[in-house]
Amino acid sequence: MTETRSTCPYCGVGCGVIIQSEAGQITGVRGDPQHPANFGRLCTKGSTLHLTAAAPVTRQTRLLQPMLRERRNGAPLPVEWGRALDLAAARFAQAVTDHGPDAVGFYISGQLLTEDYYVFNKLAKGLIGTNNVDTNSRLCMSSAVAGYKMTLGADAPPACYEDVDHADCLFIAGSNTAFAHPVLFRRIEEARAAKPQMKVIVCDPRRTDTAEFADLFLPIQPGTDVMLFHGLLHIMLWEGWTQPEYIAQHTSGFDALKTVVRECTPEQVAQTCGIPKEDLFTAAQWFATSNSTLSLYCQGLNQSSSGTAKNAALVNLHLATAQIGRPGAGPFSLTGQPNAMGGREVGGLANLLSAHRDLANPQHRAEVAALWGVPSVPDKPGKTAVEMFQAAADGEIKALWIACTNPAQSMPDQATVRRALQRAEFVVVQEAFATTTTCEFADLLLPATTWGEKDGTVTNSERRISRVRPAVGKPGGARHDWEIVVEFGRRLEARLPSPPPSPASGRGSPEDPETPGQRRTLFPYATPESIWLEHRESTRGRDLDITGLSYGLLERSPQQWPFAEGAAQGRARLYEDGVFPTADGKARFAAVQYRPLAEARESRYPFSLTTGRLRDQWHGMSRTGTLGRLFGHVPEPVVEMHPQDIARRLLREGDLVHVTSKRGSIVLPVQASAALGVNQAFIAMHWGPEFLAGVSSTGERLAGVNALTTSAYCPTSKQPELKHAAVKILKAELP
Ligand code: SF4
């Protein structure tokens, strides 16, 4: 038996795993006792990875060779890799030649490794000249990115998991940590058991398992987080619980914020948020006066049309009370996916560039162009996730490339996404699993490797970079994601006009010596490490500088950034000196306004539907859905409702109901849940077409809860409001 150290591919905790394999098959998995994210622990999903890797092909059908669909709605047929990539290059080059670079788009994934992300970004922005590259991480953490940059000056979570052990007060907002980040939750449980004085506040519309654990639960009305956070600051100011000295020395903009929060009186907040005034005072006191307060937050804040404002308003509380830059203190956003953070690092989003550079900054564009050896990086903002599919549905984007994600199930307003996939003239889907709904829309399917087979790096929620290593070889004709991009990129280079050489050309690399008369490639890579080395160089002098790291060092132990050349170790927490990466070195209070939900409940749609994760499933279930034991916790989709709502509508548990929004309708059994407030409903996000059929408002077949959700998004982060839709719930009449 061989043991290989790697990283769990599920959530942003980023647990270290040791994969056991024999004769080219994965046979077991155990937690890595030396990995600082988990110290050997694994949750139900992580501890069954080997079983899902070996799942029978009854449901989990791997893509093992490229497949081409010559006609829409025809059956895909096997095709050689060379022909597949030639055809893809020809179709993308044609779209660019006929309609310009912005006629193509790349929608990628927080499941990809950092090296995969890097080459996708370079392909779009460096070679093709479009910023139309975005990722499902847009649905996951873009509001956290925008919130950090607005207040602290950089997209860098300032805290780490060890801070859970040091905190005297934990403020958990919009995060069911017990289900979504289970190993971190075990650490929280142990920390509180060791420190009886620790207070845990949970703020969530649902009484989740995490809320059950709280000393103080704030069951806020959906979407009212900004009002709550401003109200807590109002009380802190009134009671003298802020830190004027810290505010004066290390921040700016407090007077403007005070003007905003003056209106957020306890009475007003209690009425808007549905929280008793005495609980508001208790929360404000614990947050402000504890020795150290750590906030943990996730999709409840991020997946919102006010996502950036919610994030910024929570950071405001930490700045006003000096609960930052000390052990156990700080705002700490949790990433949903295993490498949402790595994607941010390489700039794999429509508005970012490598190493946390901004597309809108001309100097940053010039730096990246010089690094890549291209004349320029386009300045026109790229299409973000929702915008990209809308542009394809409108006929603006002709060729779409989707990698390692399933937008036909996971994006909001599925009807529009499916129209986009049908209207685009050429759709490439690069995937490991043939079972995703998006595969049905592909003209060309390209088989990719997955967990246990891939080689590279990922970064978890606490800025810790870990190695991902292959325990077994590539199955069938599957290729690594970075290899597919590199092979495609080289073919596309031959078909697009050659750009003039950049004066500061960094094009090519020592392992790709220039041949006289031949154009140097932007993709000279032979290994993932060669890509990572280029990424590493791009971080020199930046806030996430990793020039002191190497694959060799990461082999020995995962490391946190920044880790600059000459450093002995990475930084566990940031801003301990009170200096922030802004022009004047001061953090900025954000005087954001409370805004109501994009789609409020109303008489025709009287329920607030919220969505979320189950404990034992992951995303669209392409991996976890292959294993029967992972259905033991929740065996089938249900809509949860408050018992009073069930009784008032003359329903009984188990009755089938239509849950209908303005966009679509699904049918599923009703289940009573005291975790919800009256007029609220909950449906888990994972269930796909095998489990949860639906129909759009115009009669198209859809599946899953995103038949109902809205694509309304935060104007700053462009993250859609997946957490809330107004719905009606009516008993389904049997034929
Ligand atoms: Fe994997 Fe997350 Fe579970 Fe850790 S907590 S084993 S990273 S799913």
- Could you compute the FRET efficiency for residue 533 and residue 239, with r as their C-beta to C-beta distance and R0 at 60 Å, rounded to 0.05? 0.70
- Message: Restricting the calculation to Cα positions, tell me the Rg (one decimal) and the Dmax (whole number) of the stretch 2-53 in Å.
- Response: 10.2, 31
- Message: Counting only Cα atoms, I'd like the Rg/Rh figure for the stretch 607-731, Kirkwood definition for Rh.
- Response: 0.96
- Query: Taking the stretch 638-735, which GluC sites (Glu not before Pro) meet the DSSP loop condition and have no more than 14 other C-beta atoms within 10 Å?
  - Reply: 653, 690, 733
- Query: Taking the Cα centre of each part, how many Å lie between the stretch 323-373 and the stretch 20-95?
  - Reply: 27
- Taking the chain, how much of its Cα-Cα pair set, in percent, is spaced more than 51 angstrom apart? 8
- Residue list for the stretch 153-170, given a label point 7 angstrom along the Cα-to-Cβ vector of residue 193 and an amide N cut-off under 20 Å: 161-170
- Note on the structure: quick note, the chain, DSSP beta bridge pairs, % antiparallel (nearest 5) is 50
- What is the Cα centroid distance between the stretch 436-467 and the stretch 607-637, reported in whole angstrom? 20
- Query: Across the chain, where is the longest run that never hits trypsin sites (Lys or Arg not before Pro) in a DSSP loop with at most 15 other C-beta atoms within 10 Å?
  - Reply: 73-518
- So how much slack lies between residue 394 and residue 360, counting 0.36 nm per residue of separation and subtracting their Cα-Cα distance, in nm? 9.7 nm
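Each reported figure results from applying straightforward, stated rules to the coordinates on display, with no laboratory input. Bear in mind that the values here come from a model prediction, so they are computed numbers and not experimental data. No Cβ is skipped: glycine too gets one built from the backbone with ideal geometry, and neighbour counts run over all protein chains shown.
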